[in-house]
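Peer 1: Sharing a structure, written as structure tokens. Questions coming.
Any read-out appearing in this document is the output of simple, stated calculations on the displayed coordinates, not a laboratory observation. The structure presented is a predicted model; accordingly, all values stated were derived computationally and were not measured. Using ideal geometry, Cβ is built from the backbone for each residue, glycine included, and neighbour counts are taken over all protein chains shown.
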Amino acid sequence: MAGSMVYRLQVGDVRAPYMQAFAAALAAAERRLDRASYNTIAGFHGAPGWYCWHHQRNPRTPEQARLFLPWHRAYLWWLEQALQDRARDLPPAIGATDIALPWWDWTAVANIPAAYRAGATGRARNPLASTRAYVPTARPPVDHWTTRAPGRAPFTRLPTRAQVADLLEDSDFASFSDRLEDFHDSVHVWVGGDMGTVSTAAFDPVFFAHHCMIDRLWYLWQVRWGITRIPPSLLNLPLSPFGLTVRDTLSVQRLGYEYATRSVGLPPSRPSRAPSRRGSRR
């Protein structure tokens, strides 16, 4: 999507045009059986790909631990690009020309967003509420529809706005990343079900709304403290399987997106040319 810019909005009413377009593109990606399918992309995070550094099956060095934010930014970008590809095949009436991932502000909506719940669309199945996790090569094999258990985990609460405001005052990248990762973990545990298990977390569509919020907070931190405020030793590390390095993820504008709503008064950013993933996808 080189040269274009999309704007990520907060999760809204499922009837909103941008939410309808997003859901339609996601459903189209679910139906594919190739590397561009939702099932395949979801499998990059846990089973069967295990590319993500953020899980206990990969012994992490302190340097690798710092890949949490860049790797997930690349991951979101990859899915967003795949959904934009799918949107080109949708009926024009859907208006799915500017697909962007929505973000779930769990400091304001202390529940699974309504758009991500069963029955929200009035159709037989809401693709944002449930997808099929199918990984026959996993041990044990995975084959089920999305499960959740919001708020049932003991001693787990969603992060608050005050906690997030305090987090954004932390100017040290390593400290900020670790603290944000803790918030991230709490939300996974709070949602429960598939989200509470690394191997299947990304098969729940709310995973990406949650991680968009995490990415947005990193973006707000970058605007406040500088987009290059990151250890230089990280810049050239590859982010598999996306064909990007950490350096490539530092500017969201170069990746072709922007967050349309900010929690602090910040000047608008100027769009710049986005990198192409063509040729690195397969």
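Peer 1: Full extension from ALA260 to ASP178: what is 0.36 nm times the residue separation minus their Cα-Cα distance, to one decimal in nm?
Peer 2: Details: separation 82, 0.36 × 82 = 29.52 nm, distance 2.57 nm.
Separation in residues times 0.36 nm, less the Cα-Cα distance, equals 26.9 nm.
Peer 1: Give me the net charge of VAL11's neighbourhood, meaning all other residues with Cβ under 13 Å from the Cβ of VAL11; Lys, Arg count +1, Asp, Glu -1. Please report the intermediate quantities before stating the final value.
Peer 2: Working: positive: ARG8, ARG15, ARG117, ARG216; negative: ASP13, ASP105.
Net charge in that neighbourhood comes out at +2.
Peer 1: Calculate one ³J(HN,Hα) per residue across the range 146-156 by plugging θ = phi - 60° into the Karplus curve 6.51 cos²θ - 1.76 cosθ + 1.60, and present them in order as whole Hz with x for glycine and proline.
Peer 2: Coupling constants for the range 146-156: 3, 10, 9, 8, x, x, 8, 5, x, 6, 10 Hz.
Peer 1: Also: As a footprinting exposure proxy, order VAL142, VAL206 by other Cβ within 10 Å, with the fewest listed first. Write out the running numbers ahead of the final one.
Peer 2: Numbers: VAL142 21, VAL206 25.
Exposure proxy ranking, most exposed first: VAL142, VAL206.
Peer 1: Under the rule a/c < 1.5 gives rounded, and otherwise a/b versus b/c splits prolate from oblate, where does the range 140-229 land using the Cα gyration tensor? Intermediate results must be reported in sequence, preceding the final value.
Peer 2: Numbers: a/c = 2.78, a/b = 1.91, b/c = 1.45.
Prolate is the answer for the range 140-229, as a/c is 1.5 or above and a/b outweighs b/c.
Peer 1: Would you mind checking which residues have amide H under 5 Å from VAL135's amide H? H placed 1.01 Å from N; only 5 or more apart, or other chain.
Peer 2: Sorted by chain and number, the residues that satisfy this are VAL142, ASP143.
Peer 1: For the pair ASP34/ALA165, report the inter-label distance in nm, with labels modelled 7 Å from Cα in the Cβ direction.
Peer 2: Roughly 5.0 nm, to one decimal.
Peer 1: Between ALA16 and GLN253, how high is the FRET efficiency from 1/(1 + (r/R0)^6) when r is the Cβ-Cβ distance and R₀ = 22 Å? Nearest 0.05.
Peer 2: Computed FRET efficiency for ALA16 and GLN253 comes out at 0.35.
Peer 1: If you don't mind, there's one more thing I want to ask. Between rounded, prolate and oblate, where does the range 194-241 land on the alpha carbon gyration tensor, with a ≥ b ≥ c its root eigenvalues, rounded for a/c under 1.5, else prolate if a/b exceeds b/c?
Peer 2: Details: a/c = 3.60, a/b = 1.60, b/c = 2.25.
Here the range 194-241 falls in the oblate category.
Peer 1: Once amide H atoms are built 1.01 Å from N in the peptide plane, which residues 5 or more positions from TYR259, or in another chain, come under 5 Å H to H?
Peer 2: Residues meeting the amide H criterion: ARG8.
Peer 1: Right, another one. ARG132 to ASP98: extension gain in nm, 0.36 nm per residue of separation minus the Cα-Cα distance?
Peer 2: 9.7 nm
Peer 1: Could I ask something else about it? As a footprinting exposure proxy, order THR160, THR107, THR200 by other Cβ within 10 Å, with the fewest listed first.
Peer 2: Details: THR160 14, THR107 18, THR200 24.
Going from sparsest to densest Cβ surroundings: THR160, THR107, THR200.
Peer 1: I've got another one for you. Give the order of THR146, THR249, THR228, THR156 when sorted by the count of other beta carbons within 10 angstrom, beginning with the fewest. Each step should come with its number before you reach the end.
Peer 2: Details: THR146 21, THR249 28, THR228 11, THR156 16.
With the fewest neighbours first, THR146, THR249, THR228, THR156 line up as THR228, THR156, THR146, THR249.
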